[in-house]
Every structure is written in structure tokens, then in C-alpha cells.
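The values are calculated or read from the model by the stated rules, or taken from the named source; none is laboratory data. From a predicted model like this one, the values you see are computed outputs, not experimental measurements. A quick note on method: Cβ atoms are made from the backbone with ideal geometry, for glycine too, and the neighbour counts reach across all protein chains shown.
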Amino acid sequence: MYEVSLALAVLCYGLVLGYFSRQQSFNVFHPLTLYLAFHGLVFVLRPIVAYIGDYRGIYILFQFTPSLEDKVTVILASTLGMLAFAFFSLQTGNVPMLFRHDRFAIAERIRLLPSALWAVAICGLMGAYSLAVVWNRATAGINDMVRDAATGTAINTTMNGYVVESQLMLTTCCVMIGWLFRFRLIALLPLLTFIVFRAGTGGRGPFITAAVGLGMIYLYEHRRRFPTIRVMVLGAVLAALFVTIGADRGAGIRAAINEGEQIELAAETRQRPLESMDFANMEFFEFLVYAVPQRTGTHEYFASNLIIFTEPIPRVLWPGKPVGSPVQFFKLFDYGFPIGMTRSLPGEGWTQLGWVGVVLWCGLWGAMLGGFYRRFATGTQSSFAVMFYFAFIPVFVIAFRDGLLATILRQGMFFIAPVILWRLIAGYIGLPLAQDERALAARQARRKATQTGDEAPTEAPVDPAPRPAVFRRELEAARWLPPAVRRRHERLRRARQPGTS
């Protein structure tokens, strides 16, 4: 029975991937591509490897044993979640990626460079301070996080969570620098520095997110819908670094940088391929099916999402703040020891409302992200929109694994903070945007076509060749004149031309 469910999961995955590959929206920028990569690893390949290798480490750690029905339920429910995500994401986001970075976009990016550097400087300083604090505490062996015994939730007891998480702004700052300075080697040094120091603290998600974001914006800039060999090699290096850092949580890097300092390295544990908790969402989901609702007697009915209203309040201002969601129907630690568990999208849906919850939760995320992609792919794709999309969309790689809405709100605010600050600075200065220049060029083209008797074009001509400086100055000056004045100037210009009456 279990073997049949594994075969069905492989078949459904292949059918969805084959169908998606024939759609106009098939590209690396689509959220369905990211979800299929996640699902294929943890719910298609990983169960087969675990079945062949008879992996039991997570069961021993979590102190539970799933039944055959539980294991089959997980494979079928995760497959159902993939189908729901794929269906709704294609309903709202089945459009091709329209690469709109023309000469107007290039000129806009050049104009916005000083304001972007101001945003990077402000957010980068705050992020660097946060990273330095976390680095020093990791080096000294100080751990401010206390895990609640009843819920397993990590609580920040002495430091402000905003200070700890501010380092996430460095991911977007690194991507902005790499993109604005055309991916030169010197422009990639901030990212390499961030990877080293962030890995030294034991955290891997942020630098993986930064690398994915930079790789995607590189492909976008070069109008490529799929990774190049160079990008794939970079991905393989990051995957190896991800596994290496997970073995000792950055202790080796800290020992190499802090010369003369003695740091105890964790004893090496022999783990087989994909056996670690980094890829164990299948076992995590099995624990949820094992507990909910068989032993809890109830689901959560999406009440866990109420944490988004309480979590932003620092505990120092609210000493009695609830641990986790303010409304809880059960505690999973009453049925085992699920330390370090992440629910994943289908697992979260199951916990909330069973089979119906899987369809609702995965379908809602698919529809939301498909619409998010559609808005970007068919929009104006200004410099702010490009940076916002490629700073935010890689966060969902982590969100798919966690399955929680709070993850996006907790981390996403720091990822998009530099982009929002950049937009505010540019708006305060009053810098013209590419869409304004396109509209001006379109009006000029229509006026010229009307004068010559031709039909006016509906869009600004896409001309990659730069215009003369005099012409650009005339366009910029004419932009601020009232329409009546511009018409009067045009009549005078035509009257001065030879051969006109």
C-alpha cells in the first residue's frame, strides 16, 4: 500500500511538471517552480530514499511511531496540496514573463543609484550591527532563546527580536548592490562577506535567500527564463555549504575567523543522504497526522494565525505575552517531542482542518503567489518593483518549509525594508521614473505621427540606442510645460521651418 502511494506521488508530480512545462508561464521566476522544487525534494524524492534506507532517526527523536495509514495519509495529502497549489497558482498567474527593462528602465536605474546607496547605507548599518551582536553572542556561547516546555516555542528573553532579525535587511542590500553595479566581482563582495559571517552564526536561511534572489535577478537582467550553467554551479556550491554549516552550526567558521580562540566543535554524526532534519518534512507531517486529530480530538481551525497580532509586540513591553498563538486548542508536546519541527504548507493545512484544510491552505497560497507573479510579470517592472519581487519571492522557499503565515510577516518586513526606504527617498527627491519617460515619449511619437498623417502608435517605441543629449534635455524641459504652451511652441517651430506658410 505504501509503495503504491509513493508511485502515485511520483506520477502526479510528473504530470504536473509536464503540464506546467507546456504553459506560457513556465520559467524560473514563477512561484510554482519554487514549490515544485521544494515538493519534489521533501515529498517525492525524500520519502523514497527514507523508505529504501529505513530512516528512523526522527521517530526516535520525536518519540512516536506512525502507523501505515499515517504514512500513506502524508503522501496522499502532500500530493493533494501540490495539486491545489499548482491549480490555483496557474489560475491567477498563467502569464509569460514580459521583460520590460528597456532604455527607459536603464536610465531610471542610473538616476536612482544615489538614492539606492542611501537606503543601503542606512539599512546596511542596522543590519551589520544586528549581525555583529549575534556573532559575538554565538562566539561567547550565549543563548538568549529559552524554549517553552509546553509548546516548544523559542522565546527571546533578554534581547529585542527586532534587533536580532534586522540582519535580514543585509540580504536585500547585497542583492541591490550586485544588481545596481551590474554583477561585477567587486559588487559581489558584500554578499560573500554576509554569507561567511551569517554562516558563522549557524543560520543558513538568509544567505540562501540572498543567493537565490541575486541569481534570479541576474537571469531576469539577461532575459533568461531558466538557470545558466554558471547559476547552477553556484547553486551546487550553496547546497554543499548548506549541509556543511548544518553539521556544526557555524562553529568551524567562527574558529577560523577568531584566531586563537578555542571553540568546541560538535561531535560528528554519521548521517546518510537526506537523513537530517533539514529535509525531514515528511516525518514532521507524519507526526502531525499521528497527533491531529487522532489524539488531540480537534483541529486548530486556523486560530494559530492569530499570532500575527501578538508577535510584533516586544515581550519587554508585554511581559505576559502568550507563547505562540493567543488561542490554542492543544499542545503538540503532549503527544511526543517534536523539537525543531516545521509544518510545511500541506502539514499546516492538515493541522488546521484536515483534508479540506490542505486544499484551502495550499490553494490560498498558490492563488496569492500566482497573482503576485502576474502583477509583476505584466506590470511596468520599475526598478522598485524588480527589487521588491526578487527580494521577496525567495523568502517563500523558507515559507513553504515552515508553512506559517507568521514566517512571511516576521521575516518579510525586514527583506522589503530597504526597498521601501529606497522608494521613499526617491519620491522625496522627486526623481522621474521610467513609466513617466515612456508616457512622454509616447505622446511625442503620437504628435509626430499626427503631423505626418500616419497612424499614431499606442506605445512608446522601444529603441535601445541612446538619444542625443540635446533631445533628452528638450524632452525633460517639455515635460514640465503646460499643454497650451507646448502647442504654441510647436506652432512657432513649424512656422520657422522653410517651405511652410
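Data overview
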{"quantity": "Residue among Arg410, Arg401, Arg423 that is of a type in the set (D, E, K, R) and over 15 Å from the mean Cα position of the chain (by Cα)", "calculated": "Arg423"}
{"quantity": "Neighbours by Cβ (under 7 Å, 6+ apart or cross-chain): first from region 108-119, in the same structural domain as Phe181 (by TED's automatic domain parsing); second among the polar types (S, T, N, Q) and in a helix (DSSP H, G or I)", "calculated": "Glu108/Ser383; Arg109/Ser383; Leu112/Ser383"}
{"quantity": "Only one of Val42, Val72 that is of a type in the set (A, V, I, L, M) and under 26 Å from the mean Cα position of the chain (by Cα)", "calculated": "Val42"}
{"quantity": "Residue within region 56-72 that is out of contact with any helix residue (DSSP H, G or I) (no Cβ under 9 Å at 6 or more places or on another chain) and touching a residue at least 12 places away in the same chain (Cβ under 8 Å) present", "calculated": "yes"}
{"quantity": "Members of region 20-36 that are loosely packed, with under 14 Cβ neighbours inside 10 Å and either in contact with an Asp or Glu (Cβ under 8 Å, 6 or more places away or on another chain) or in contact (Cβ under 8 Å) with a residue 40 or more places away in the chain (or both)", "calculated": "Gln24"}
{"quantity": "Single condition Lys448 does not satisfy, out of (1) closer than 30 Å to Phe384 by Cα; (2) at pLDDT 80 or above; (3) not acidic (Asp, Glu)", "calculated": "(1)"}
{"quantity": "The listed residue being closer than 24 Å to Thr342 by Cα, modelled with pLDDT of 60 or more and buried (at least 17 other Cβ atoms within 10 Å of the Cβ), out of Ala138, Ala119", "calculated": "Ala138"}
{"quantity": "Qualifying position, being in a helix (DSSP H, G or I) and surrounded by fewer than 20 Cβ atoms within 10 Å (Cβ to Cβ), among Leu369, Leu409", "calculated": "Leu409"}
{"quantity": "Residue check, Ile420 within 26 Å of Phe207 (Cβ to Cβ), part of a helix (DSSP H, G or I) and modelled with pLDDT under 90", "calculated": "no"}
{"quantity": "Which numbered condition Gly297 misses (of (1) assigned to a loop (DSSP other than H, G, I, E, B); (2) small (Gly, Ala, Ser); (3) touching a residue at least 40 places away in the same chain (Cβ under 8 Å))", "calculated": "(3)"}
{"quantity": "In region 212-234, the residues that are modelled with pLDDT under 85 and surrounded by 15 or more Cβ atoms within 10 Å (Cβ to Cβ)", "calculated": "Val231, Leu234"}
{"quantity": "Region 328-362: number of residues that are surrounded by 15 or more Cβ atoms within 10 Å (Cβ to Cβ), among the β-branched types (Val, Ile, Thr) and outside any helix (DSSP H, G or I)", "calculated": "1"}
{"quantity": "Scope region 90-111; condition buried (at least 18 other Cβ atoms within 10 Å of the Cβ) and of a type in the set (Gly, Ala, Ser); matching residues", "calculated": "Gly93, Ala105"}
{"quantity": "Residues located in region 204-245, provided they are outside any helix (DSSP H, G or I) and either more than 25 Å from Ala105 (Cα to Cα) or in contact with a Leu (Cβ under 9 Å, 6 or more places away or on another chain) (or both)", "calculated": "Arg204, Arg225, Phe226, Pro227, Thr228"}
{"quantity": "Residue within region 441-451 that is in contact (Cβ under 8 Å) with a residue 60 or more places away in the chain and surrounded by fewer than 18 Cβ atoms within 10 Å (Cβ to Cβ) present", "calculated": "no"}
{"quantity": "Any hit, region 308-323, residues being at positive phi and not hydroxyl-bearing (Ser, Thr, Tyr)", "calculated": "no"}
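Table: residues versus (1) at pLDDT 90 or above; (2) of a type in the set (A, V, I, L, M, F, W, C); (3) buried (at least 19 other Cβ atoms within 10 Å of the Cβ).
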position	(1), (2), (3)
Asp70	yes, no, no
Met82	yes, yes, yes
Leu113	yes, yes, no
Leu125	yes, yes, no
